[in-house]
Every structure is written in C-alpha cells, then in structure tokens.
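Quick one: structure below, then a few questions.
The values are calculated or read from the model by the stated rules, or taken from the named source; none is laboratory data. Source: prediction; values computed, not measured. Cβ: placed from backbone, ideal geometry, glycine included. Neighbour counts: every protein chain shown. The protein model used for the area step is the full one, side chains on, heavy atoms only, and it has no ligands, DNA or RNA in it. Shrake-Rupley method; radii C 1.70, N 1.55, O 1.52, S 1.80 Å.
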Amino acid sequence: MKLFSWLLFPFSLLYSSIMQFRNYQFDNGSRKTTNFDRVVISIGNLSVGGTGKTPFIEYLIKTLRNEHKIATVSRGYGRRTNGFRIANDKDDTKSIGDEPLQLYNKYKNDIIVSVGEERILAIPSVLLEFPDTAIFLLDDAYQHRKVGRDLNILLTDFHKLFYNDHVLPMGRLREGRSGASRADCIVVTKCPVINDSNKNQIKNQISLYAPDVPVYFSAISYLEPQSVFQTKTNTVTTDVVIISGLANASSFISHVAPNYKINNHYEFRDHHNFSENDFDQILSEIEKSDKVLTILTTEKDMVRILSFRDHQLFKVVPVFYIPIEISIDDQFGFETSLLKRIEEKKKQD
C-alpha cells in the first residue's frame with residue numbers, strides 16, 4: 001500500500017502546485033476576494049472527510065446566539081437540489097443535506113440556516129431576506145477564498161493531524177500543509193485525554209507550517225441516547241445494532257462498545273442517502289435474531305432516518321441517537337479572542 005501511495009506522488013505534486021498557484025493568485029489580488037460588512041467566520045479543514053465541523057459550528061452558535069443574529073451557510077452536501085435555499089419546515093435531507101437539517105432542527109428559532117454552492121451569492125441572498133443578520137458562519141469554506149472572512153478557523157482531527165498527511169491523491173489533503181498559515185486559529189478536534197507535553201509536541205509540529213497561530217484542543221462528549229420517534233421505550237437494551245453513514249465511525253464505536261453489546265454495525269459511506277431497501281435488508285437480518293435489540297445511530301445519521309418513520313423496521317425495533325457536544329481546553333481564551341474579533345469588525349463598519 002505504501003508503494004502504491006508513492007506511485008501517486010507525482011499527481012499529488014501536480015495537484016499541490018495547482019492549489020499553491022491558486023492561493024498565490026488570491027494573495028496577490030489577481031483573483032478577487034469579496035468582503036462583506038458583516039462578521040464572516042469560516043470553519044474548515046485542509047483534509048477531505050470529517051473533522052467535526054458541525055459540532056464546532058454548534059458550539060459557535062451556542063456561544064453567540066444570545067447577542068447576535070446568526071446565519072449558517074453550507075454547501076448542502078448530498079442534497080438533490082441546486083442553488084440557494086433558506087431552510088424551512090418543509091425541508092429534508094434531500095433538499096438541504098443532512099448537516100444543515102441537523103442545525104435547522106436544533107436551532108431554527110435562533111438562527112437562519114441556508115445552503116448554496118456559491119457562498120459569495122448566498123450571503124447577499126440571506127441579507128435580502130434578513131438584513132439584521134450580523135454573523136455568517138461558513139461551513140467547510142477554508143478553500144473558498146472568494147469570500148473574505150474576519151476569522152478563519154482551521155480544524156484538524158487529532159487522529160489524522162494535517163502535518164502527518166499528504167496532498168490528494170497520495171493523501172487526504174486538499175492543499176499543501178503550508179495552507180495552515182492562513183488560519184487565525186487552529187483547533188485540534190476529537191482529542192482523547194492528553195497532557196501538556198503532548199499538546200506542546202503537537203503545537204511545535206503545527207508551528208512549522210503556521211508560525212504564531214494559536215492552537216486549541218477540543219474533545220467530544222457523548223450525551224444520553226435520545227429516542228428518534230418518541231416510542232414508549234425510553235431505554236436502550238443491552239444488545240444493540242448500529243447504523244452509521246460517517247467518514248469515520250471509530251469514535252462513535254469506541255464510545256458505544258464499552259456500554260453496549262454491538263451485535264452488528266451497518267456501515268454506509270459518508271452522507272449516504274438511506275433507502276427503503278437499506279432498511280428492508282436490516283429488518284430481514286434483525287428478524288433472524290432471538291435477542292431484544294435497539295438501534296443506535298448518530299445525530300447526523302438520525303436526520304436522514306426521520307423520513308422513514310413509517311418503515312416496518314422502526315415499528316419493530318426502537319431507534320435512538322446519541323447527541324454530542326464539544327469542549328475546548330482554553331475556552332476562556334478562545335471565546336475572548338472570538339468576541340474581540342467580532343467587536344473589531346463592528347468598529348470597522
């Protein structure tokens with residue numbers, strides 16, 4: 001496998017050069033960046049795959065929503081619609097995507113959730129309908145440099161730190177490691193319990209590519225399982241089956257395994273659009289078991305299951321999802337820096 005990876009090195013070098021030239025054009029002004037008179041915060045990563053952007057956006061929403069009118073702008077990956085949309089009660093994962101729907105279901109009374117391939121068009125479109133919007137949170141927009149931002153937050157997974165990776169197709173990076181230098185802060189996500197020595201080692205490695213950029217560490221906390229369809233059963237059985245469609249389900253499995261006996265894991269690709277056939281097959285296998293089972297899934301997968309409420313599987317087997325939230329090691333320092341940047345923007349305007 002390593003030999004095959006190195007055979008891809010010339011292609012990675014070519015792709016890296018293209019991205020480097022593109023970034024150079026933005027830096028020297030030959031490619032235009034449009035700035036807005038609102039606070040724009042980008043949350044993104046250097047790599048493809050999940051680094052925990054959605055829970056981090058939720059953290060920002062909970063931190064800022066009491067004082068500011070917030071709009072989120074996502075591409076809406078996996079949706080079957082095109083163009084700009086503002087989420088409403090009629091939307092589902094097919095119309096806006098799973099992660100925007102998750103945000104809408106949880107925060108629709110507090111924020112505006114929008115989707116659009118072109119963020120540069122989405123922001124003025126939101127302002128046309130909601131001119132009092134003060135802050136835009138751009139989901140997965142680190143490489144989307146057409147839109148200027150007041151705070152550029154780069155996330156990197158503790159288990160797949162960007163400085164250990166390579167550019168596509170040899171690795172999973174969308175651009176070279178030096179792209180980290182554009183960040184205003186870097187957050188290492190999905191951290192286990194680590195000591196200061198480990199943190200300093202990671203900070204030293206990051207500083208080789210992003211000197212003087214502050215680094216924070218965040219961890220995931222799993223909350224109590226919640227019923228998806230509000231069945232009479234309010235507890236999860238000892239024996240469970242898992243349904244997931246994630247870029248990497250290892251963290252979820254690591255949490256579930258010590259607490260429940262996993263009888264099966266039905267694992268689908270990231271953002272998988274579930275079908276009747278998927279659940280037909282799962283039901284067929286579950287019916288062969290003589291155990292009393294519960295289905296466990298993630299919050300992200302739960303929103304894609306909602307439209308299958310009437311499927312026989314969920315009438316036979318109760319389904320629960322496990323919400324998550326994140327914490328940051330230096331919460332005071334991070335939030336102080338965040339609020340300072342917002343106030344600076346307000347003074348400029």
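Can you name the residue in segment 67-81 that is basic (Lys, Arg) and over 19 Å from residue 141 (Cβ atoms) and, of all such residues, is least open to solvent (accessible area, probe 1.4 Å)?
Of segment 67-81, the ones basic (Lys, Arg) are 69, 75, 79-80.
Within this subset, residues satisfying the condition of being over 19 Å from residue 141 (Cβ atoms) are 69, 80.
On the way: 69: 67, 80: 154 Å².
Here the answer is 69.
Under 6 Å between Cβ atoms, at least 6 apart or on separate chains: pull out the pairs that start in segment 39-67 with a residue that is farther than 16 Å from residue 144 by Cβ and end on any residue that is hydroxyl-bearing (Ser, Thr, Tyr) and surrounded by fewer than 22 Cβ atoms within 10 Å (Cβ to Cβ).
Here the result reads 61/107, each pair linking segment 39-67 to a residue that is hydroxyl-bearing (Ser, Thr, Tyr) and surrounded by fewer than 22 Cβ atoms within 10 Å (Cβ to Cβ).
Which condition number in (1) touching a Ser or Thr at 6+ places or on another chain (Cβ under 9 Å); (2) among the charged types (D, E, K, R); (3) within 16 Å of residue 140 (Cβ to Cβ) is the one that residue 58 fails?
Status for residue 58: all satisfied but (1).
Another question, if that's okay. Would you be able to say whether some residue in segment 42-59 is open to solvent by 60 Å² or more (accessible area, probe 1.4 Å) and of a type outside the set (S, T, N, Q)?
As a first pass, look at segment 42-59 and keep what is open to solvent by 60 Å² or more (accessible area, probe 1.4 Å): none.
Checked segment 42-59: no residue is open to solvent by 60 Å² or more (accessible area, probe 1.4 Å) and of a type outside the set (S, T, N, Q).
Now a separate question. How many residues does segment 82-133 contain that are surrounded by fewer than 16 Cβ atoms within 10 Å (Cβ to Cβ), closer than 22 Å to residue 67 by Cα and not aromatic (Phe, Trp, Tyr)?
Matching residues across segment 82-133 total 8.
Hey, among 320, 334, which residue is at pLDDT 95 or above, within 24 Å of residue 216 (Cα to Cα), under 22 Å from the mean Cα position of the chain (by Cα) and not polar (S, T, N, Q)? First the steps, then the outcome.
Details: 320 fails: within 24 Å of residue 216 (Cα to Cα).
Of 320, 334, the one residue that is at pLDDT 95 or above, within 24 Å of residue 216 (Cα to Cα), under 22 Å from the mean Cα position of the chain (by Cα) and not polar (S, T, N, Q) is 334.
Still on this structure: Which condition breaks for residue 303 when tested against (1) open to solvent by 30 Å² or more (accessible area, probe 1.4 Å); (2) touching a residue at least 12 places away in the same chain (Cβ under 8 Å)?
(1)
Yes or no: segment 11-32 includes at least one residue that is modelled with pLDDT under 95, of a type in the set (A, V, I, L, M, F, W, C), surrounded by fewer than 16 Cβ atoms within 10 Å (Cβ to Cβ) and under 26 Å from residue 250 (Cα atoms).
no
Matching residues to (1) closer than 19 Å to residue 208 by Cα; (2) within 15 Å of the chain's Cα centre (by Cα):
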| site | (1), (2) |
| --- | --- |
| 112 | no, no |
| 134 | no, no |
| 151 | no, no |
| 155 | yes, yes |
| 165 | yes, no |
| 174 | yes, no |
| 179 | yes, no |
| 190 | no, yes |
| 196 | yes, no |
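I'd like the full set of residues that are touching a residue at least 24 places away in the same chain (Cβ under 8 Å), part of a helix (DSSP H, G or I) and open to solvent by 20 Å² or more (accessible area, probe 1.4 Å), limited to segment 139-172. Quick ask: steps written out before the conclusion?
So the first thing to find is which residues in segment 139-172 are touching a residue at least 24 places away in the same chain (Cβ under 8 Å), and the list is 139-163, 165-172.
Restricting the remaining residues to those that are part of a helix (DSSP H, G or I) gives 158-160, 162-163.
Selection gives 158, 159, 160, 163.
Being among the β-branched types (Val, Ile, Thr), touching a Phe, Trp or Tyr at 6+ places or on another chain (Cβ under 7 Å) and over 30 Å from residue 8 (Cβ atoms) is the filter here, so list the residues in segment 120-166 that pass it. Steps first, please.
Restricting attention to segment 120-166, the residues satisfying the condition of being among the β-branched types (Val, Ile, Thr) are 120, 123, 126, 133, 135, 147, 153, 156.
From what is left, the residues that are touching a Phe, Trp or Tyr at 6+ places or on another chain (Cβ under 7 Å) are 123, 156.
Within segment 120-166, just 123 meets the criteria.
Could you count how many residues in segment 254-303 are among the basic types (Lys, Arg) and in contact with a Leu (Cβ under 8 Å, 6 or more places away or on another chain)? Step through it out loud before you land on a result.
Start the filter on segment 254-303 by keeping residues that are among the basic types (Lys, Arg), which leaves 261, 269, 288, 291, 300.
Add one more test, that the residue is in contact with a Leu (Cβ under 8 Å, 6 or more places away or on another chain), and what stays is 300.
Of the residues in that region, 1 qualify.
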